[in-house]
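Notes to accompany the following structure.
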Amino acid sequence: MSGTLVDKLHACAAAGFDGVEVFEPDLIAAPESPDEIRAVAERLGLTLDLFQPLRDVEGVDAEEFARVLRRADAKFALAARMGIGTVLCCSNVATATIDDDDTSAAQLRALGDAAARHGVRIAFEALAWGRYIDDYRRAWRVVELAAHPAVGVCLDSFHILSRGHDPAAIRDIPGERIFFLQLADAPRLELDVLSWSRHHRLFPGEGSFDLVDFMGHVLHAGYTGPWSLEVFNDTFRQTDAARTAQHAHRALQWLEDAVARAFPDLPGLSMLPDSAAPSGVDFVEIKAEDTSAIEVQLAQLGFTSRGRHRTKPVTLWTSGRARIVLNEQHARGAVPHLAAIGFEVDDAAAVSRRLAQLGAPRAWRRTYASEERLDAAVAPGGTEVFWTQASDAGDPAWTAEFEHGEQLRPPVVRGVDHVSMTQPWQEIDETVLFYTAAFGLRAESATEVPSPDGLVQSRVLAGPPSAMGDRVRLPLNVAPPALAGHGDNGALPQHIAFTCDNVRALVRGARERGLDTLRMPPNYYDDLEARFDLDPAFLAELRDLSIAYDRDGDGEYLQAYTATVGQVFWEFVERRGAYDGFGAGNAGIRLTAQRGSRQAGAGR
Ligand code: MG
Ligand code: MG
């Protein structure tokens, strides 16, 4: 986390942690004395559970080991002074010259004697890049050989899972000999394990490791100590500590819930309230001081104006099951942007309880006695997320608050296919965790799309397909830094994509009503012609209507985009067969075309 040791203690206490590890460099840099740090922790109700790291202590020759003992003795005394019962010793990466379990065991035994004299114990951890000991199974063998009551192992999920070591042998370690547990997730990367560990660790649930299975082994071994997070990550080092601590705490709650569900035989674990993933998107809200340009677009597209809210400067537009709320309330100076999304859920009360337990910040909305009360939380990045009870058919109850709408036009779209949100770089992991822990969405895929303004990283969150065949899909895009500070027209826009039965008919109809869609370059269609064996008439139609195309196995994907207004544009997609992607190959071309029209607009 960012900040000083005392800042970190405050952040952890506020987020609800019971205790912390003290990382030695934090203590050395702190202006406070060890006794003052101990007093601050006590005042905050935090236990100091581990002091770390003591490095390069075993596998060394006798002369070096004399120096190790001297250094270790001072650190054991320090730990004891701070009331810390366990000191982490990691396997030797630098000074080891003896690759021999008996030597390492004898040295750990001597260290155990020294630790015990101070009333502390040592937890031996195999680093993934240890010179000789780089596997937890060998670390345990050495600890077993040391046969000292003050010597146990520390298990770190990163060191075990990054190396692909089978965690099942954890069950062979007696639980009381596992002195400490450190948890980190991480994305799958082809990277040297040291850089991977120091820069890319994530909180549980955000990476690719199976931490639920891992915890199953640890708990079945009989471990009863703390679940500690040890996450080195470039982002968290520089973002707000209080926020990181809340984020971290939420990750542990998610993990405990998932472990409890996976292993019903394990006692004493807390579950979050049951709730299934949302079955669909109830509505999307666009907020702006002036939403008229969006209204013009929606009318040209063939959406129906369902009128104005009884009491607020808010209008509703629908087509099929797609519902767009345009909100001009408290929006002075704001250009059109995606402000809120509503999910249809099977048990709205359970979702409310689940979000409360996760400490998700609630959205504040002024409500009136006669109105439907909608529950909402604020997602990282500021998007408000609502959830409403899914209804079998027809419009949800809240739509009755809109008056003086026009007669329903025949639907031009079926519903919402996906909502693509732009995330600040420092909030992407937190956002992924928010939607997975709170709403049961899953992080499905990650891609990088080259744009003329930089690389756009994209991650897709999705729910399971519903009975109606809908699926909640949320591609999260991280704007390249070059776009981040560019204000309304420079920022990476967000978009709402609608599912259509016939994109060609939709674009033709919209054009007749005066709406032009985003122009794809002629080169793009020459490339389509080369890549796919498309019927020439069909290709000519795509070219004429500026519709993008993709194919994936037997599935096909047609997509068209409107111009961007403020920070949003609309997309129309036609999924054929089993196509389940987002036309990622077309995104870079679309971003280039959008940049062109942005610059043309700026020059007008
Ligand atoms: Mg560790
Ligand atoms: Mg899209």
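The values are calculated or read from the model by the stated rules, or taken from the named source; none is laboratory data. Because the structure is a prediction, the values reported are computed rather than measured. Note: ideal-geometry Cβ built from the backbone for every residue, glycine included; neighbour counts use all protein chains shown. All accessible areas refer to the heavy atoms of the entire protein, side chains included, with ligands and DNA or RNA removed. Shrake-Rupley method; radii C 1.70, N 1.55, O 1.52, S 1.80 Å.
When each of the peptides 174-183, 160-169, 73-82 is scored by the mean number of other C-beta atoms lying within 10 Å of its residues, the order from highest to lowest reads 174-183, 73-82, 160-169. For helix 536-545, report the angle its Cα long axis makes with the longest principal axis of the Cα atoms of the chain; keep it between 0 and 90° and round to the nearest 10°. Once rounded, one gets 90 degrees.
Taking θ as phi - 60° and the Karplus parameters 6.51, -1.76 and 1.60, the scalar couplings of the range 380-389 work out to x, x, x, 5, 8, 10, 9, 9, 9, 5 Hz in sequence order, x denoting glycine and proline. Contact order for the chain, expressed relative to its length and based on alpha carbon pairs under 8 Å spaced 6+ residues apart, stands at 9 percent. Classified by the C-alpha gyration tensor, the range 106-156 has a prolate form. Its axis ratio a/c, with a ≥ b ≥ c, is 1.5 or above, and a/b is larger than b/c. Remark on S2: its backbone amide H falls under 5 Å from those of T239, A241, a criterion applied only to residues 5 or more positions apart or on other chains, H modelled at 1.01 Å from N. Computed from phi, the 3J(HN,Hα) profile of the range 403-417 under the Karplus parametrisation 6.51, -1.76, 1.60 (θ = phi - 60°) reads 10, 6, x, 8, 5, 4, 8, x, x, 9, 10, 8, x, 8, 8 Hz, with x in place of Gly and Pro.
Express in whole angstrom the spacing between the alpha-carbon centres of the range 209-243 and the range 268-323. One Cα centre to the other: 37 Å. Residues whose amide H falls under 5 Å from that of V281, counting only those 5 or more places apart or on a different chain, are E344, V416, with hydrogens built in the peptide plane.
Remark: the range 72-79, residue by residue, has Karplus-estimated 3J(HN,Hα) of 5, 4, 5, 6, 5, 5, 5, 4 Hz, where x stands for each Gly or Pro and the curve is 6.51 cos²θ - 1.76 cosθ + 1.60 at θ = phi - 60°.
Put simply, when 87-96, 342-351, 42-51 are sorted by average Cβ atoms within 10 angstrom per residue, most first, you get 87-96, 342-351, 42-51.
Among 526-534, 302-310, 196-204, what's the highest-first ranking by average C-beta atoms within 10 angstrom per residue?
196-204, 302-310, 526-534
Rounded to the nearest 10 degrees, the inclination of helix 101-117 to the longest alpha-carbon principal axis of the chain is 80 degrees.
Here the contact order of the range 280-601, divided by its residue count and restricted to Cα pairs under 8 Å and six or more residues apart, works out to 17 percent. What is the percent carbon and sulfur in the accessible area of the range 5-262, measuring with a 1.4 Å probe over the protein chains and ignoring ligands? Ligands and nucleic acids excluded, carbon and sulfur reach 49 percent. How far is the Cα center of the range 348-398 from the Cα center of the range 45-118, in Å? Taking the Cα centre of the range 45-118 as reference, the centre of the range 348-398 is 52 Å away.
Counting only DSSP beta bridges whose two residues both lie in the chain, roughly 60 percent are antiparallel.
One quarter of the surface of the convex hull around the alpha-carbon atoms of the range 280-601 equals 16.1 nm², the direction-averaged projected area.
Whole-percent P(r), the range 5-262, all Cα pairs, 10 Å bins from 0: 7, 31, 38, 22, 2, 0. Calculated on the alpha-carbon coordinates, the convex hull of the chain measures out at 179 cubic angstrom per residue. Residues whose amide H comes within less than 5 Å of that of R323, counting only those at least five positions distant or on another chain, are V284 (H built at 1.01 Å from N in the peptide plane).
Helix 136-146 and the longest principal axis of the C-alpha atoms of the chain enclose an angle of approximately 20°. Using C-alpha pairs below 8 Å separated by at least 6 residues, the relative contact order for the range 5-262 is 16 percent.
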